[in-house]
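Visitor: Quick one: this structure, given as structure tokens, is what I'll be asking you about.
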Amino acid sequence: MPRVVVITGAASGIGRATALGFAACGAELELIDIDRVGLSSVGDEARALGAPGVSTREVDVADERSVRSFASELQRSERDVDVLVNNAGVLVAGGFLDTEPEDWSWILGVNLLGAVHITKALLPRMIARRKGHVLNVASASAFWNPPVLTAYGTSKYALLGFSEALRSEMRPHGVRVTAVCPGFVSTPIVDHMRLRGSYAERDTRGLARRFVERRGVTPEVVARAIVRAADRDIGVLPVGWDAWALNWTKRLFPGILARLARSAG
């Protein structure tokens with residue numbers, strides 16, 4: 001079991017559940033998010049579960065300077081990171097023509113560049129130790145992306161591609177890389193998503209929330225998969241029946257998903 005774990009987007013959802021999962025296993029935690037209140041709460045919960053050390057810091061992973069500052073503080077603490085969980089994510093719902101440039105900057109800044117920034121900051125020490133594991137929380141949207149999630153799925157496709165390339169590059173250095181690809185998960189990301197076009201006009205937030213609550217897995221299911229994967233060398237890890245179904249359908253019957261995309265549009 002890893003000794004020191006860094007988790008981004010740790011204040012709620014999958015990040016919170018993952019923090020508590022590692023805490024129950026006795027890992028030291030470095031939890032980062034932009035939600036100060038949520039961080040404080042999950043930090044207290046992790047300590048109550050017996051985590052030997054818990055640090056919470058407000059860090060905006062989309063801001064490279066903020067990430068560098070965090071990495072420098074961590075280096076000064078002389079603690080080596082065993083596992084990095086890149087979980088921070090945001091969501092935009094709407095078709096391409098309704099998605100604004102600022103939406104693209106926002107979602108790519110957090111979902112993709114956030115992982116890039118902190119991985120680049122922490123990876124050199126992992127390489128030097130020939131030990132470490134980077135787990136990037138992508139999505140089943142990286143297997144198939146419906147028109148309603150054009151920007152979100154694009155960011156997750158990119159995160160999967162980043163993970164695949166980094167995995168190959170890091171293999172000779174003893175560092176493992178895993179792309180975790182959950183299907184629908186009931187998390188607060190729906191409450192904070194940006195709605196565009198007809199989805200904004202109809203305010204589909206409540207409908208989306210009810211859908212994922214009925215069809216999706218809980219954050220704890222994804223967290224358990226992440227904690228188990230931290231001790232394994234696996235490249236891509238779907239989580240949830242829908243993620244597994246999309247992954248195999250894309251491999252074996254891509255035409256089915258193409259027809260489904262046309263009907264979804």
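Visitor: Checking the structure you have, find out if any residue of segment 3-15 is in a strand (DSSP E or B), surrounded by 24 or more Cβ atoms within 10 Å (Cβ to Cβ) and in contact with a Phe, Trp or Tyr (Cβ under 6 Å, 6 or more places away or on another chain).
Guide: Yes, because at least one residue in segment 3-15 is in a strand (DSSP E or B), surrounded by 24 or more Cβ atoms within 10 Å (Cβ to Cβ) and in contact with a Phe, Trp or Tyr (Cβ under 6 Å, 6 or more places away or on another chain).
Visitor: Could you tell me whether any residue of segment 74-97 is over 28 Å from residue 169 (Cα atoms), buried (at least 19 other Cβ atoms within 10 Å of the Cβ) and more than 18 Å from the chain's Cα centre (by Cα)?
Guide: Yes, there is a match, as at least one residue in segment 74-97 is over 28 Å from residue 169 (Cα atoms), buried (at least 19 other Cβ atoms within 10 Å of the Cβ) and more than 18 Å from the chain's Cα centre (by Cα).
Visitor: Here is a further query. Do we have residue 158 as modelled with pLDDT of 95 or more, surrounded by fewer than 20 Cβ atoms within 10 Å (Cβ to Cβ), of a type outside the set (Val, Ile, Thr) and over 16 Å from residue 133 (Cα atoms) here?
Guide: Taking the combined requirement at face value, the residue satisfies it.
Visitor: Of the residues that make up segment 189-196, is at least one part of a loop (DSSP other than H, G, I, E, B), in contact (Cβ under 8 Å) with a residue 12 or more places away in the chain and buried (at least 23 other Cβ atoms within 10 Å of the Cβ)?
Guide: no
Visitor: Hey, any hits in segment 117-127 for a residue that's closer than 21 Å to residue 229 by Cα, in contact (Cβ under 8 Å) with a residue 60 or more places away in the chain and over 16 Å from the mean Cα position of the chain (by Cα)?
Guide: Yes, the conditions are met somewhere in segment 117-127.
Visitor: If you go through segment 235-257 one residue at a time, how many are under 22 Å from residue 168 (Cα atoms) and either of a type in the set (Lys, Arg) or exposed (fewer than 15 other Cβ atoms within 10 Å of the Cβ) (or both)?
Guide: Here the count works out to 2.
Visitor: Out of curiosity, is residue 187 within 13 Å of the chain's Cα centre (by Cα) and of a type outside the set (A, V, I, L, M)?
Guide: Here the answer is yes, as residue 187 does meet what is asked.
Visitor: While we're looking at this one, here's another question. Say whether the condition of being on the phi > 0 side of the Ramachandran plot and either not β-branched (Val, Ile, Thr) or not in a helix (DSSP H, G or I) (or both) is met by at least one residue in segment 72-93.
Guide: Our first condition is that a residue be on the phi > 0 side of the Ramachandran plot; within segment 72-93, this holds for 78.
In the following step, the residues that additionally are either not β-branched (Val, Ile, Thr) or not in a helix (DSSP H, G or I) (or both) were identified as 78.
Scanning segment 72-93 turns up at least one residue that is on the phi > 0 side of the Ramachandran plot and either not β-branched (Val, Ile, Thr) or not in a helix (DSSP H, G or I) (or both).
Visitor: Being at pLDDT 95 or above, surrounded by 20 or more Cβ atoms within 10 Å (Cβ to Cβ) and either charged (D, E, K, R) or part of a loop (DSSP other than H, G, I, E, B) (or both): is that true of residue 19 here?
Guide: no
The values are calculated or read from the model by the stated rules, or taken from the named source; none is laboratory data. Note that the structure is a prediction, hence the values are computed from the model and not measured. Neighbour counts are summed over all protein chains in view; Cβ atoms, including those assigned to glycine, are modelled from backbone coordinates with ideal geometry.
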